[in-house]
Amino acid sequence: MDHEPTSMAGITRRHFFGRSALGLGGIALGAMLPGVSASSDPAQPQVSGGVLGAPHFAPKAKRIIYLFQSGGPAQQDLFDYKPKLNEMHGQQLPGSIRDGQRLTGMSANQASIPLAGSPFRFKRHGESGGWFSELLPYTAKIADDLCVVRSMYTEAINHDPAITFFQTGSQIAGRPSVGAWINYGLGSTNDNLPAFIVLVTKNKGGQPLYARLWGSGFLDSRHQGVQLRAGKEPVLYLTNPDGVCQSGRRAMLDAVNELNREQFERELDPEIESRIAQYEMAYRMQTSVPEVTDLGDEPDSTYELYGEDARQPGTFAANCLLARRLAEKDVRFIQLYHQGWDQHGSLLGGLTKQCKETDQASAALVTDLKQRGMLDDTLVIWGGEFGRTSYCQGKLTRDAFGRDHHPRCFSVWMAGGGVKPGFVFGNTDDYGYNIIDRDGKPLTALDADGHPDAVHVHDLNATIMHLMGIDHERLTHKHQGRRHRLTDVHGHVVRDLLV
């Protein structure tokens, strides 16, 4: 289902009616164009900008909050309890378990590949009995709200291609991000805020993040994510400079828009219309952004829930709180990034610090949404670009060892938005090294492709889109002679995860 010809036809028709001065025809046309709501009911959110006009089917989720943990959290230290791995601590990884898997350049030349058990204690929690590490005491309290996927796998073994793959469906930079695809398909339900907003934890080291991770790629630029920053100016250059009043800004904008419309009449370039729309959105955001980012009206009970870090703008906790406020404003896709999960060494201290920064706020977000009656139609996702090895990188000591990158199996969790609560999907072997099927048979990457017990990156993205009411195979865009989609030519909806 290629929407590009429809979009270009719409531009041509608008041009024809505009030149013919057929005002009524233009109004009727506007009501028929994809993504434009003709509803006059003020109680109904006005959907705008979505090429589909309406979801393919009834969605379970209206919005997504994606808590991306950049660097690769160690699954066997957080969610995937492996007592045998602890028993085998210090022994060599069996060749039959590795099965010829390529290693990164950081551990491929190690003469010894010793297994490393987790130094952290695990316990079962909730009525569902899910296993959680002692590093996640707050997340453990919401065990019965979580859908934990232990059998995630990916094809990328290094950070940049791996995070690009997760966020865009391709290891090659330049494709549209998942948030951009959803914005492209469904549009916005709030005319005063972008449909896709990005929050990055400030002052965090680790693997670099790039704006292309929330970019629109070859889609229209209006679908890209808008980053809100901590501080007095959440969006760069949004405020009026000294000496420019609001009426002056409006007059300037009207003049610029008139010039842009004249250029559009000559060139019929859709990006000119996007530029006009973005100028207008920025003007409205001068009021809406300060309102939504001012946390001063939150009661003390909110900070008790999210933690005192939430009082510090730009922390992960503050961004989780801001994500809830944006969700209340019907922002459709809210992406949080938190760096620093790349524990090649000093895992004991590094992982403890990461969990202290994220555990309480992640759980608080789910709890807060649930208390407000919003969790049922808000999908929360937590996870990174791959997992960590069950063997030690470098010299093995109990207190200072690290783990290398591991794409063959890792864990993510989801909550709300139509996924099963208190549910664990998929299993890994006793070493936490390979996915196994329900009969205990290890799955190689080739075996796992399309297997019902394994969840590939494309499968996760297909499932996310399904929960938003989108058939991932039908939302496409033609670019350079080929029809593209988020899941490329792969992916299936993991229906076992759905309510």
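Let me spell out the model: positive unit charges on the Cβ of Lys and Arg, negative unit charges on the Cβ of Asp and Glu, origin at the Cα centre of the chain. What dipole size does that give, in debye rounded to 20?
Dipole size: approximately 400 debye.
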Long-range amide H partners of residue 146 with built H, under 5 Å: 422, 423
Helix-derived mean residue ellipticity, 222 nm - over the chain, DSSP H n ≥ 4, -39500 (n - 2.57), to 500: -10500 deg cm²/dmol
Zone of residue 298's modelled label, taken as backbone nitrogen in the range 230-249 under 20 Å from a point 7 Å along Cα→Cβ: 230-235
Residue by residue, what Karplus-based ³J(HN,Hα) values in Hz, rounded to whole numbers, does the range 336-350 have, using 6.51, -1.76 and 1.60 with θ = phi - 60° and x for Gly and Pro? 10, 10, 10, 8, x, 8, 9, 8, 6, x, 6, 4, 4, x, x
Beta bridges by DSSP in the chain, antiparallel share as percent, to the nearest 5: 50
The range 90-106 - phi-based ³J(HN,Hα) in whole Hz, Karplus 6.51/-1.76/1.60, Gly and Pro as x: x, 7, 6, 5, x, x, 5, 7, 5, 6, x, 4, 5, 10, 6, x, 7
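Give, as a single signed number, the net charge of other residues whose beta carbon lies under 13 Å from the beta carbon of residue 367, with Lys and Arg counted +1 and Asp and Glu -1.
-1
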Nonlocal amide H pairs with residue 130, under 5 Å, H built at 1.01 Å: 125
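Where in the chain lies the longest segment free of trypsin sites (Lys or Arg not before Pro) that are both loop residues by DSSP (not H, G, I, E, B) and have at most 10 other Cβ atoms within 10 Å?
233-437
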Charge tally for neighbours of residue 451 with beta carbon under 11 Å away, counting Lys, Arg as +1 and Asp, Glu as -1, is -3
Cα-projected label distance for residue 249 with residue 87, points at 7 Å along beta-carbon direction, nm: 6.6
Within a Cβ distance under 15 Å of residue 141, other residues only, what is the Lys/Arg minus Asp/Glu net charge? -4
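Read the figures in this text as sums done on the coordinates, not as results from a lab. Values in this document were obtained by computation on a predicted structure and should not be read as measured data. Using ideal geometry, Cβ is built from the backbone for each residue, glycine included, and neighbour counts are taken over all protein chains shown.
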